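Everything below concerns the one structure shown next.
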């Protein structure tokens, strides 16, 4: 009986449509997420090689593409995939920091030739956005969010000159150091080419001594750089493409801070060669140069016009950004190496340049840009108008500086930010920052802008002061200004600010600080020597060769007077390069 | 190749799939058509997984480890993730746990469908594999949609799953399990109540309770012998303790028929679990960030984790020395117990014609025994 | 000859020696969902009656010995289809001590499919391509085996002891 | 998994107490978590413990594995037993010297140890005294060092045996410069 029913049951299959997918006449749609053949968007790919590193089958090989130019944060390598190895797991996609790599929904390579299974993926097999195995910042293995540096409360910190940052805790530092993939693209961003992956890895292993040891290879001021560096490395970091770069700078500062005595790690050179070198200016370039000279047994004597070492590190950067303790620690260690400092000795006045050149085996010029420029608008002659460089220098040296309650700072660079925040700390109630271009055009780093804003600085962009109005007794009462508009010109890289001269407005101001740039001081060089040096077109920078030697035999130069980047880390890089050049010039074997 | 010595035969079954989902051969000595001795001969699929895992970072082992068991790869991934999570004391997000349950149970369904087809194939009911394996493809379609791969999913990661479920996926899962439940009735007519099957399978290849315990048999084979042991109930891993399901216990004979029917009823229970998991699934994240795959470390220690696969208790013994790579990983495949020692015991005295059905009904998977 | 090739291509009996993971996609290909019998391809249990040898994935050294033996038993013309990455360059098991890396060193291969493992659609496409090649008379890898027999034997003997295995020359 | 830790572990404590009282101080018993007990035993105590546990109802020989502690020069053998009644896994671990030390076979207590011991013998080269057939198991015609030992380099082996190149080379590494101390590096 049961069997009979089953017979009828079977009848229903007569009319049912067969579920066979009649490939190839009928296509079965592949799932959206299917992991097929690789697609690589070369415009996004930076050739960091993380895909090759994670591949469990060693299917990915990084091959050099001769037609590509390596750029900052980018190599000319591109992944080549061997489908004789690939297992289509998609981990390369999930680890790709830029999101250039994906697996498409195409899956077929059928061939009799083994060679067809190995190629460099590009957009050829792309199945379109939203299909295939893609990875965004959420689904990636990587964490695109950095550990933010803890800061003091803006309302509190603007009252004093103490350090605004609180520093990482060990836990935070190691958590951040974990993110480093070791791809070393950041090294290209660093002027002095520090061993960033190595020292971050040492931090990850809590081996701070090893970490500092790596830093000293090409930077004798690691903790200073770990506090105030312009961190170009972070712009080259692979995370920077889609998220926040690793806190390379603060990690460096953290590790250096964990080692109280560098002597134990780096040691003090006992070498003596009898050669001696004079260095003009005690800024980062000279410090770095002197350190590496002393490491090779060359006596280094630094001539400095001021009474304190550090150059712009000391005089330009306010103490709330770079505490005195850090400066002391690092410069003392350089002193310990046997570098001689002659403070209060202005070359050209207290000792002539010729004498230095005669007495010493080589001379290094690291005088920097320390003369502040002014705008040249009516009313700027007189009291209560400062240039930022002088103001910051006086504050740093502990001189008494009096400013008013309503301060106008002109400029948009880092120095301008320093000036605004210093003004706040000097007791100003209202600080206005005037900049002629847009907010995004400001050369100051984002974090300094944010910090200044948090402390209450008002940003008035696209404004141009035209006149400082004084009352009869000479006090400033007003500043007249006009607004500007941004005009794009054919062929120009960025829009130009054009002032709208017919609409003049005013601010109530009693102090003006101009932070519109600095220039070098060549007064110590006699005319004869100055002619022998070769300058660039704008008569600002000295041109040097690969060993940092100027056109005068035995005279080397570095820092702001040479390189256009004008930051501490470039100066340190120059100093080190010059030291190596001097060592080579003096014929000392290393 | 058979050598004739008087009335004894000596020959190999295999290595061409001797009623097992993989290459493996059984060296058989027979008298007439009665087997007097059987000796498993392995090594056709030994790839040295345990060695390979020691050479790779923790995360890199996910694409590798699941290849141990081809019919049901997900268990390997989940177990490996579970081992790491236990050693590192990671709390897996709720949603990921539910997704894992759905994946595991779908994998069990697909493995059982393959099993039904295989058993039926060994006794000549060739329509059954056409149906079951055809229907299994719908589960593979679901997997493809969810994980991006048909068979090898590589979907698990440390602390969760790699992607969230796509939109409308739950509905499609429910639709597919509804369909499969309906199809079970067709299978009943075609296979489970088929007189040929009943005649061929009843009383054949008996693994009684004593033998099952003696040879450390686990899983459905043990349950078909009347021992109610299911890891999901005894030591609930993931979140199995939240679901209402039964472990069928109406079959106690331990013969081939019981083993097949045991799985047929477990099939229904799995569908129940999937429905509950789909209904209860909370919103939220599906994984944790491991931050740096190349520096991911697992705390020093050793752990034995196990779960209930379609073939029995599947276990990983993982040793970590605190480094970026596993120090040792031992895979305890269920087939190591019921595919080797048990077969030596039960095959004696059986008919040659039945041996491949018996082997298939045990669900021997050589890859998990050999690795 | 053309007619012969054409007929050959329309009825491929494949030696069902499923060796690795790739075997897992064969059941769906063979059964109702994709149904490769539409193309006259059916599995065959003995090498002596089959035309097509599928190497569905990795081969351990122990399996390779059986594969070579099976291959040599097959009548010519015989075709070999390499499935998945493992047969091309070792695939997942590129550093495994027990798995061979390049199949073409040991037996000649007519056509490869990539994938780990290949989808049924890709398998069917590969069958169709092979059919086309046979019809055109291009699938001649088996001739290579006879011509370069010594070379193949040398490669085989590097990974296993041929003497002990006594594989007979079936030329 | 963590939540299991807070539940009462009656069975586990009972077994721990029993083993400790039966075998004395030489045997160290740790409850690792719920359902898992690890027993560290000296070599000569291992088999008696297995026999004792079998008698206590630990019917399931879940696995036997070996860990190569190459730095210590030891093999760790782990016998994993399970009891349905107690619902507990006991992992009995013992250490033997890497070279020239054998272990008595457990097949007289647990039949299931037969194949496990064959595997361990083949993969690690551990000798099991009294085992009737320690021969080829998974590998065929294997010559040389057992592959699962830590000092067996599978990539070098593959390079030589299968004539493949560049396996040991990482395909992408940063060109690391030798570190020569501060200031001395160009």
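Reducing segment C:1-49 and segment D:70-112 to their Cα centroids gives an inter-centroid distance of 48 Å.
Mean sequence separation of contacting Cα pairs (under 8 Å, at least six apart), scaled by the length of segment B:110-196, corresponds to a relative contact order of 23 percent. Taking every DSSP helix (H) stretch of at least 4 residues in the protein assembly as shown, weighting each as -39,500 (n - 2.57) and dividing the sum by the residue count yields a mean residue ellipticity at 222 nm of -10000 deg cm²/dmol. A straight chain from residue A:26 to residue A:244 at 0.36 nm per residue would run longer than the Cα-Cα distance by 73.8 nm. Residues of segment A:433-476 with an amide N closer than 11 Å to a point placed 7 Å from the Cα of residue A:160 along the Cα-to-Cβ direction: none.
Packing here is the average count of other Cβ atoms within 10 Å per residue, and on that basis the peptides A:31-39, C:104-112, highest first, run A:31-39, C:104-112. Once you have a ≥ b ≥ c as the square roots of the Cα gyration tensor eigenvalues for segment A:372-518, tell me rounded if a/c is under 1.5, and otherwise prolate or oblate according to whether a/b is larger than b/c. Cα axes put segment A:372-518 in the oblate bin. Kindly state, to the nearest 0.05, the FRET efficiency for residue D:10 paired with residue B:91, given R0 = 25 Å and r defined as their beta-carbon distance. FRET efficiency, residue D:10 to residue B:91: 0.45.
Taken residue by residue and averaged, Cβ atoms of other chains lying within 10 Å of the Cβ of A:27-35 number 6. Taking the number of Cβ atoms within 10 Å of each Cβ as an exposure proxy, the fewest-first ranking of A:210, A:534 is A:534, A:210.
Express the relative contact order of segment A:154-265 as a whole percentage, based on alpha carbon pairs under 8 Å and six or more residues apart in sequence.
29
Considering every residue in B:342-348, what mean count of other chain Cβ atoms within 10 Å of its Cβ is obtained? Intermediate results must be reported in sequence, preceding the final value.
Values: counts 1, 0, 3, 1, 0, 0, 0.
Mean shielding by partner chains, rounded to a whole number: 1.
Output the peptides C:60-67, A:468-475, D:96-103 sorted from most to least packed, where packing is the average of other Cβ atoms within 10 Å over each peptide's residues.
Packing order, densest peptide first, comes out as C:60-67, D:96-103, A:468-475.
The simple Förster model, with R0 at 25 Å and r as the Cβ-Cβ distance, assigns residue A:276 and residue A:346 a FRET efficiency of 0.80. Calculate the length of the line joining the C-alpha centroid of segment B:174-200 to that of segment A:558-590, in whole Å. Between the Cα centres of segment B:174-200 and segment A:558-590 lies a distance of 83 Å.
Applying 1/(1 + (r/R0)^6) with R0 = 35 Å to the Cβ-Cβ distance of residue A:498 and residue A:383, what FRET efficiency is obtained, to the nearest 0.05?
0.60
If you take the square roots of the eigenvalues of the alpha-carbon gyration tensor of segment C:2-165 and sort them as a ≥ b ≥ c, do you get rounded (a/c under 1.5), prolate (a/b over b/c) or oblate? Here segment C:2-165 falls in the oblate category.
Highest mean packing comes first when the peptides A:566-576, A:132-142, A:231-241 are listed by Cβ atoms within 10 Å, giving A:566-576, A:231-241, A:132-142.
Per residue of peptide B:157-164, the mean number of Cβ atoms on other chains within 10 Å of the residue Cβ is 3. With 20 Å bins beginning at zero, the pair-distance distribution over Cα atoms of chain A amounts to 17, 42, 29, 8, 3, 1, 0 %. Panel order for A:13, A:254, by other beta carbons found within 10 Å of each beta carbon, from fewest to most: A:13, A:254. Placing pseudo-labels 7 Å out from each Cα toward the beta carbon at residue A:565 and residue A:394 gives an inter-label distance of 3.3 nm. How would you classify the protein assembly as shown from its alpha-carbon gyration tensor, with a ≥ b ≥ c the square roots of the eigenvalues: rounded for a/c under 1.5, else prolate if a/b is greater than b/c, otherwise oblate? Prolate is the answer for the protein assembly as shown, as a/c is 1.5 or above and a/b outweighs b/c.
Rounded to the nearest 10 degrees, the angle from helix A:248-258 to the longest Cα principal axis of chain A is 60 degrees.
For segment B:252-270, backbone nitrogen atoms closer than 20 Å to the point 7 Å from residue B:193 Cα along Cα-to-C-beta are found at B:257-269. Rounded to the nearest 5, the antiparallel percentage of DSSP beta bridges internal to segment D:3-138 is 75%. Bridges between two residues of chain A, per DSSP, are antiparallel at a rate of about 50%.
Modelled spin labels at residue A:429 and residue A:152, positioned 7 Å past Cα toward Cβ, are 2.3 nm from each other. Taking label positions 7 Å along the Cα-Cβ direction at both residue A:439 and residue C:4, the computed distance is 8.3 nm, reported to one decimal. So for chain A, averaging the separation of alpha carbon pairs under 8 Å that are six or more residues apart and normalising by length, what relative contact order in percent results? Relative contact order comes out at 12 percent.
The fewest-to-most ranking of A:185, A:322, A:11, B:213 by surrounding Cβ atoms within 10 Å reads A:11, B:213, A:322, A:185.
Take every DSSP beta bridge whose two residues both sit in the protein assembly as shown; close to 65 percent of them are antiparallel.
Only the coordinates and a few stated rules stand behind these numbers; no lab work does. The structure displayed is predicted, hence computed values, not measured ones. FYI the Cβ positions are ideal-geometry reconstructions off the backbone, even for glycines, and counts take in every protein chain you see.
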